[in-house]
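Got a structure here, written out as structure tokens. Questions coming.
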Amino acid sequence: HLTPEQAEKGCFTVLLSDGTGSGEEAGKDSGQVLDLMEKLIGAGYGRETAMEVVNTTWFSIGEDKKHPTLDICDVDLYGGSCELRKAGGAVTFLKREGQVEALGSGSLPLGIFQKAQTEVRVRQLAAGDLLIMMTDGVLDALEDECEERMRDMIEALEEQNPQEIAEKILSYAICSCGGRIRDDMTVFVLCLWENA
């Protein structure tokens, strides 16, 4: 459900970051990325500029093993357009009328190069569409042909409730790896409905 401010502005933004590795340290890194992004966006910076600032920050830290990912998803609630920016994030899935499309996964995480290497994908959303974002720990749990297996699993889902979908995806990933969770797992599900 949207806040009154989001509804008034007619836009909705989702930020998802995944720190390198797992556990407390990775959570701290992704938390810092999200905190800085929220501050920059709140101060009026555009998405590209904000991502460049965050990338430069991580590049200047100079730690070879710390390269968090960042996904930014902006949804225009009036026009229905969706703009997805990725810096190393796991593939995002868009489900429409039973068909599932995988969106991007070829960009590099933050801080590897001085200039951010990002992918931008734009899609027009319609009522009933599902947008599913996740961290790589969810996909990696599926091991072989993980993107295809996840696409098939999402295609087979009949649920429309975002919480139920996220829980089913997490359960599927955990069962696939026999309960041996090696990496942090986060799933975000956005369901779009037309306001009557």
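Could you sort Glu97, Glu155 by their accessible area in this structure, using a 1.4 Å probe and putting the largest first? Intermediate values should be presented prior to the final figure.
Working: Glu97 175, Glu155 75 Å².
Largest accessible area first, the list is Glu97, Glu155.
Would you list the membrane-span-like helices of the chain, meaning whole DSSP H runs whose alpha-carbon atoms span at least 18 Å along their axis and whose mean Kyte-Doolittle value is at least 0.0?
On the way: long enough: 24-42 (26 Å, -0.37); 47-61 (21 Å, 0.04); 162-176 (21 Å, 0.30).
Helices passing the filter in the chain: 47-61, 162-176.
Of the listed peptides 84-94, 175-185, what is their order by residue-averaged count of other C-beta atoms within 10 Å, with the highest listed first? Walk me through the numbers before you get to the answer.
Details: 84-94: 23.9, 175-185: 13.2.
Result, highest mean Cβ count within 10 Å first: 84-94, 175-185.
Roughly how far apart, in whole Å, are the Cα centres of the stretch 57-128 and the stretch 136-183?
19
Can you give the FRET efficiency for Trp193 and Ser60, using 1/(1 + (r/R0)^6), R0 = 30 Å, r = Cβ-Cβ distance, to the nearest 0.05? Write out the running numbers ahead of the final one.
Working: r = 43 Å, r/R0 = 1.43.
Result of the calculation: an efficiency of 0.10.
Could you provide, to the nearest whole Å², the per residue accessible area of the chain with probe 1.4 Å?
Accessible area per residue, the chain: 54 Å².
Gaussian network model of the chain, Cα springs within a sub-10 Å range: biggest mean-square fluctuation belongs to which of Thr69, Thr49, Thr135?
Looking only at Thr69, Thr49, Thr135, the largest GNM fluctuation is found for Thr49.
Next question. With runs of 4+ DSSP H residues as the only contributors, calculate the mean residue ellipticity of the chain at 222 nm using -39,500 (n - 2.57) per run, divided by the residue total and rounded to the nearest 500.
Numbers: 6 runs with 71 residues, N = 196.
Taken over the chain, the calculation gives -11000 deg cm²/dmol.
Would you mind counting up the charge near Lys168? Only other residues with Cβ under 15 Å from its Cβ, with Lys and Arg at +1 and Asp and Glu at -1. Please report the intermediate quantities before stating the final value.
Numbers: positive: Lys95, Arg149, Arg151; negative: Asp152, Glu155, Glu158, Glu159, Glu164, Glu167.
So the surrounding residues net to -3.
The values are calculated or read from the model by the stated rules, or taken from the named source; none is laboratory data. On a predicted model such as this, the values are computed, not experimentally measured, just so you know. Cβ: placed from backbone, ideal geometry, glycine included. Neighbour counts: every protein chain shown. SASA here: full protein model, heavy atoms, side chains in, ligands and nucleic acids out. Shrake-Rupley method; radii C 1.70, N 1.55, O 1.52, S 1.80 Å.
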